[in-house]
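Below is one structure, written out as structure tokens, with a few remarks after it.
The values are calculated or read from the model by the stated rules, or taken from the named source; none is laboratory data. Being a predicted model, the structure only gives us computed values, none of them experimental. Heads up, the Cβs are rebuilt from the backbone with ideal geometry, glycines too, and the neighbour counts pull from every protein chain shown. Remember, those area values only see protein heavy atoms, side chains included, never the ligands or the DNA or RNA. Shrake-Rupley method; radii C 1.70, N 1.55, O 1.52, S 1.80 Å.
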Amino acid sequence: MTNIATTIDEVLQKLDAIIAESVENNDHLGYFAYVYRRTTAQIGQAIIERKFEDNERMEKFDVLFANKYLDAYRDYHDGLPICRSWAEAFQAKKEKLTILQHIILGMNAHINYDLGMAAAEFTTGQRIDSMKNDFMRVNDVLASLVDELQVKVGRVSKLMFLLDWIGKRTDEEVMNFSMEKARKQAWNFAVTLSVTEGQEKDATIKEVDGIIGNLGEIVKHPPGKLLPFTLKIISRFEEKNVRKIIAKLEEE
């Protein structure tokens, strides 16, 4: 298998390898890899069921998108420079965070940053609006996964419900990651990149990377007193063995 995935099946194989490596090394980066594998498999099934306007195009795009994460993961572990968005997520492996924080850090980098970059790159030389319907249709495909993932994370994070509790009683929304909102932001980012070039485009990418990196830092170390305290309590009572956590997540 080459370094660059060319099909969704190859993406899934590479994600399986990352998960296995994370289990072997008790590496918390495996949590996002598991979630991403699950969502990629869901998109793959939707393509098989012909749920998109252009299913062949959607597979090519999804593979390009996945390679953004796979490349960043490989470069980080090879000691090569990576964007700040992913640096915040990968460096968190050394910090005492909750399982949910690790997952959100990966989603923050991959959706808020990578997705817009991938869409703009994929539609170079053509009208980006041509793929908007399929881009947004992914939200419908993934909607059914939200409840499933909440239940699965709840198996290994018994006090995660506390985040819902404080969310109803404070204006803290740092941990309230919305996949739908993030994908809309990513589309706007892609449209902006599609109509800029040269130094202006480079400046836009740098600016967005800085914003997403700052958001990652906030996810790791949220402001205030109640949310940080609650996250510490949640973390204290979570399972710490990555092998056991992944096994629980994989249970049907």
Can you work out the Karplus-derived ³J(HN,Hα) for every residue in the range 228-241? Use 6.51 cos²θ - 1.76 cosθ + 1.60 with θ = phi - 60°, whole Hz, and x for glycine or proline. x, 5, 4, 5, 5, 5, 4, 4, 4, 9, 7, 4, 10, 7
Heavy-atom accessible area of K60 with all protein chains present, probe 1.4 Å, nearest 10 Å²? 140
In percent, how large is the relative contact order of the chain, given Cα pairs closer than 8 Å and 6 or more residues apart? 29
Under the helix-only model (-39500 (n - 2.57) for each DSSP H run of 4 or more, divided by the residues of the chain), the mean residue ellipticity at 222 nm, to 500 deg cm²/dmol, is -23000 deg cm²/dmol
In nanometres, the difference between 0.36 nm per residue of separation and the alpha-carbon distance of D78 and F229 is 50.9 nm
Would you mind putting 192-205, 107-120, 17-30 in packing order, based on average other-beta-carbon counts within 10 Å, highest first? 107-120, 17-30, 192-205
Accessible area per residue of the chain at 1.4 Å probe, in Å²? 52
Using a Förster radius of 30 Å, what is the FRET efficiency between M136 and I218 based on their Cβ-Cβ separation? Nearest 0.05, please. 0.65
To the nearest 10 degrees, the tilt of helix 132-156 (Cα long axis) against the first principal axis of the alpha carbons of the chain is 20
For the pair R57 and A247, the simple spin-label estimate (label points 7 Å beyond Cα toward Cβ) gives in nm 4.5
Using a probe of 1.4 angstrom, how much of the accessible area of the range 1-151 is carbon and sulfur, in percent? 49
In this model, which of K60/K181; K68/K93; K152/K220; K14/K181; K51/K184; K152/K240 are farther than 25 Å apart at the alpha-carbon? K14/K181
For the chain, just the Cα set please: Rg and Dmax, both in angstrom. 17.9, 52
Name all residues of the range 89-120 having a backbone nitrogen under 19 Å from the label point set 7 Å from the Cα of S178 along its Cα→Cβ direction, giving them as ranges. 104-105, 107-113, 115-116
